[in-house]
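To start, the structure under review is shown below, and the notes come after it.
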Amino acid sequence: MISILLDLIIGAIAGYIITTFMNMDNSNMLFNCCLGLAGGIVGGMIGGILHIGPRGLIGHLIFAIAGAGLLIWLYRKFIK
């Protein structure tokens, strides 16, 4: 239960950081949280493929931010 809560908190923080950094609309916090969670999954998968998985809270946050940035870039490139 604590792991799920921690993932939600990290995802929300990562979503907020990346949307602020990439000058996106900050008004939709649910979208930002989902983006951060999906970014954490994508970042973790890429880190696993490269054998450089995240270590600790800061590592998970960095991977979530990087993954969310990749998702935003793909979203802007192909959907918008």
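The values are calculated or read from the model by the stated rules, or taken from the named source; none is laboratory data. Keep in mind it's a predicted model, so treat the numbers as computed, not measured. With ideal geometry, Cβ positions are generated from the backbone for all residues, glycine too; neighbour counts draw on all protein chains shown.
Details
- No other residue among ILE49, ILE72 is touching a residue at least 24 places away in the same chain (Cβ under 8 Å) and of a type in the set (Val, Ile, Thr) apart from ILE72.
- Flag if LEU35 is within 19 Å of LEU8 (Cβ to Cβ) and crowded, with 20+ Cβ neighbours inside 10 Å: yes
- Looking at ILE41, ILE58, ILE52, just one residue is under 8 Å from the mean Cα position of the chain (by Cα) and surrounded by fewer than 19 Cβ atoms within 10 Å (Cβ to Cβ), and that residue is ILE41.
- Scanning segment 20-55 for residues that are outside any loop (DSSP other than H, G, I, E, B) and either at pLDDT 80 or above or not polar (S, T, N, Q) (or both) yields a count of 22.
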